[in-house]
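The values are calculated or read from the model by the stated rules, or taken from the named source; none is laboratory data. Please read all numbers here as calculations on a predicted model, not as lab measurements. Heads up, the Cβs are rebuilt from the backbone with ideal geometry, glycines too, and the neighbour counts pull from every protein chain shown. Accessible surface areas use protein heavy atoms only, side chains included; no ligands, DNA or RNA. Shrake-Rupley method; radii C 1.70, N 1.55, O 1.52, S 1.80 Å.
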Amino acid sequence: MVRESMEEGLLTGRYQLPPNETKPTSNGADGDSLADNLNMPSQPAASSLTPVLVFSTFVAVCGSFSYGCSLGYSSPAETGIMEDLDLSLAEYSVFGSIMTIGGMVGAILSGKITDLIGRKRTMWFSDVFCTVGWLAITFAKNALWLDIGRLLIGLGVSIFCYVVPVYVAEIAPKSYRGSFASSNQLMTSSGFAIMFFVGSFISWRTLTMIGTIPCVVQIIGLFFIPESPRWLAKCGREKEFEASLKRLRGENSDISEEAAEIRDYIATLEQQTEASFLELFQRRYADALIVGVGLMLLQQLGGNSAVAYYTSSIFKESGISGSLGLQVLAVIQIPVATLGLLLMDRSGRRPLLLVSASGLCFSYFLQGLAFCFKELPNLKALTPPLVLSCTLIGATAFTIGLGGIPWIIMSEIFPINVKAQAGSLVTLVNWSTAWIMTYSFNFMMDWSLAGTFFFFSGISGLTVLFVAKLVPETKERTLEEIQASITHSFSVI
């Protein structure tokens, strides 16, 4: 769910210098924003691609892989868990959805913990919860221990959703930030796909052990990577800040210019007044709140998390082998995620969101029709191929758009002085709505198979209208331009 960095405004450094100050650029022009040069080391950008930087990014995105594993676990494990532990539908619905309750708690705490103890320690903190959670599920003898394990995993991965993209964005040089940050979503999709694919062949208890692997790798790897230099600078730990930046950029690199720019920007931020949570609801932030909260609500009300958690049940209801359907779905995840990343900065946010929501609307509508055909003897044979095809279309549409873009837009539309509060609010909305949908999904399916997917199709149709009418295009625009256009009476500092 991965989702992208909630501190993008802070990390891109887009602010204007005071009127009486100017800064020369490489071509000799004066008066440009410091953001144009922030994170640009004095050496050539290519030489900043060091082994330490690559390894640090790999260690960090192990948390994203763990998040993907948690998303993909419940569907292939459903049959085995319900049979072995004799769970009712209601009990398994609690197990499938309780991760989102842990996620809500983690979403509230993530920002404060990350700033208080640092990025590395926060990842360790998350790893402990995830590892204990996976082990609790592995050795569970009843529904209670299953739920405790799932709750702990939700708490851990929701913090990963925040800290991993923040850490990666803070250590990467400006010229590589986009591609390095993109590895977060790719690893989430990879973890999800592996759980779906491997879960078709092994028991649910063995599958949980796969979920612990990225946690163990990250726990060990964190001993060998540097802390975020920006967090160290913010804490005033000058020697450690320079040492960390030196390791990331190379021992022979000249970090003086980049280090000075980071110090200047941190000093400027410290002079700004942090807005309170209630100030977020002022009229000038209304449009940004509507867009941010609206996208998160529609993303989850469209049923995508619920469908991902219970894909196996959907396939069985349509007459498809659950294991075969999961394998096919797993195969397309990584290529589709890669395609979405390639299209992000070429086509823009709005077109991808419109295509994504339209694809989901179409696929869910056909899926609803397919379950209607199930009741008609002459058309019953069409149900399995239609359901499989529509599930693949829906997964593709979600991955290239609604899966990650709402998080990117959220990081772009809120001014820096309310970004932390706004980020916590929309993240909480996302996780709480996910809990409602994942818990109620099985009961909706019992009510009406076709009606459930017609409902999701209708929500996706509303998403198309919402994006077309209210969501701004943020491609190739500075944060100041985006925020000035979407907030009322907002002046760029």
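Miscellaneous remarks
- Above-threshold pairs, the threshold being 24 Å between Cα atoms, out of 112/469; 316/374; 112/141: 112/469; 112/141
- Region 49-225: C-alpha gyration tensor shape, a/c 1.5 cut-off, then a/b vs b/c: prolate
- Here the accessible area is traced with a 1.4 Å probe on the protein chains. For region 145-238, carbon and sulfur cover 76 percent of it.
- Sparsely packed loop sites in region 197-260 (the GluC sites (Glu not before Pro) outside DSSP H, G, I, E and B with at most 11 other Cβ atoms within 10 Å) comprise 251.
- Region 108-141: chymotrypsin sites (Phe, Trp or Tyr not before Pro) in DSSP coil with no more than 13 other Cβ atoms inside 10 Å: 139
- Taking trypsin sites (Lys or Arg not before Pro) across region 139-239, the ones in a DSSP loop with at most 12 further Cβ atoms lying within 10 angstrom of their Cβ are 141.
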